[in-house]
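The values are calculated or read from the model by the stated rules, or taken from the named source; none is laboratory data. Keep in mind it's a predicted model, so treat the numbers as computed, not measured. With ideal geometry, Cβ positions are generated from the backbone for all residues, glycine too; neighbour counts draw on all protein chains shown.
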Amino acid sequence: MLPQFSSKAFLAPMAGVSDPALRLQCKKFGAGLVVTEFTSIHSIIAKEEKLKENRKTIQEFIEFSENERPLSIQLFGSDLYALEKAAKIVEPFFDIIDYNMGCPAPHITQQMAGGALLQEPNLTRQIFTTLVSAVKKPVTLKIRLGVTDASKYLFRDIAQIAEDEGIEMITLHPRTVNQGYSGNADWKMIKELKEISSIPIVGNGDIATPEDAKKMFDETNCDYVMIGRGAMGNPFLFEQINDYLKTGIYNDYSFKNRLNSFFEYLHLTKAYEIKFANIKGQAMRFTKGMQDGSKLRLKITLTKNIDELEKVMKNAYNK
């Protein structure tokens with residue numbers, strides 16, 4: 001059974017972005033669910049063997065905090081034996097096991113993973129059966145419409161298979177794999193999926209404001225919304241969405257607030273092993289839309305360590 005969610009707005013898994021520090025911030029501002037960056041089933045197995053030798057757990061590899069709960073881990077990979085093994089390794093640490101069938105990146109689809117699986121209904125059924133029988137925790141799914149425009153209705157069959165095999169919730173990003181993140185997300189498809197499904201449906205794609213979130217709920221009747229790029233450098237969005245849905249109004253946050261929020265993010269990163277390149281990337285996102293933001297981002301690019309980065313951001317804050 002799915003856990004209770006404190007709100008209807010979820011943070012999407014994003015490689016190099018949804019690290020434990022950002023997830024904690026989004027949780028603090030009212031994200032009902034946060035999801036780890038997607039993780040290869042093969043790397044989980046390989047890491048676990050090394051960690052076992054040193055009497056450490058998988059938490060050393062997939063870092064998280066108890067304050068993030070309910071917490072979902074997203075897995076990718078289609079080798080059934082490895083999938084079962086990896087799911088059993090991570091199950092004790094997470095509240096939900098999410099399976100990725102939406103990633104459009106070629107290095108993922110070429111390994112018969114992510115969005116490429118939408119074309120493989122038989123293998124997909126085996127994947128769902130394997131996952132659901134391997135763990136007692138709820139298993140959820142993230143998908144795209146199809147691979148190309150010509151196959152953009154593949155999601156219907158995949159969703160039906162998922163429901164038949166015991167998947168408890170589906171997130172639909174209504175673009176094709178070939179679209180990547182270009183063009184517009186076709187929200188009508190979320191509405192269609194909601195109409196043919198008897199499990200909760202999460203709408204994902206092109207939510208950048210509280211108004212967008214409300215519009216998605218109104219137009220598609222989805223149960224939850226998942227925010228990806230809109231939450232980059234903007235953890236306030238969850239609070240704003242929750243307030244707007246309840247009262248029709250929300251707080252605006254200034255760029256000083258955004259920078260304050262970045263310093264809080266920086267403080268949180270100290271507890272985790274987050275690559276400096278990823279932290280720099282987050283700094284860039286927190287400056288989006290700021291006056292002279294492009295000059296500031298150039299300075300951020302040139303920083304070589306946390307101290308230099310902090311100095312650049314403090315200078316911007318004190319201007």
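Some observations on this one:
- Among the candidates 300, 279, 274, residue that is closer than 22 Å to residue 74 by Cα, in a helix (DSSP H, G or I) and outside the structural domain of residue 13 (by TED's automatic domain parsing): 279
- Filter result for residue 128 (crowded, with 18+ Cβ neighbours inside 10 Å and over 26 Å from residue 175 (Cβ atoms)): no
- Candidates 52, 27 - the one that is among the charged types (D, E, K, R), in the same structural domain as residue 242 (by TED's automatic domain parsing) and either under 22 Å from residue 269 (Cβ atoms) or assigned to a strand (DSSP E or B) (or both): 27
- Residue, surrounded by the most Cβ atoms within 10 Å (Cβ to Cβ), within region 244-258, restricted to residues that are basic (Lys, Arg) and modelled with pLDDT under 95: 258
- Within region 268-315, the residues that satisfy the criterion of being exposed (fewer than 13 other Cβ atoms within 10 Å of the Cβ) and within 22 Å of the chain's Cα centre (by Cα) are 270, 271, 273, 275, 277.
- Check on residue 62, within 17 Å of the chain's Cα centre (by Cα), assigned by TED's automatic domain parsing to the domain that holds residue 135 and in a helix (DSSP H, G or I): no
- Test: residue 196 is surrounded by fewer than 23 Cβ atoms within 10 Å (Cβ to Cβ), at negative phi, among the aliphatic types (A, V, I, L, M) and at pLDDT 95 or above: yes
- Strands (runs of 3 or more DSSP E) wholly inside region 168-231 that include at least 3 residues being in contact with a Ser or Thr (Cβ under 7 Å, 6 or more places away or on another chain), touching a residue at least 12 places away in the same chain (Cβ under 8 Å) and farther than 23 Å from residue 3 by Cα: none
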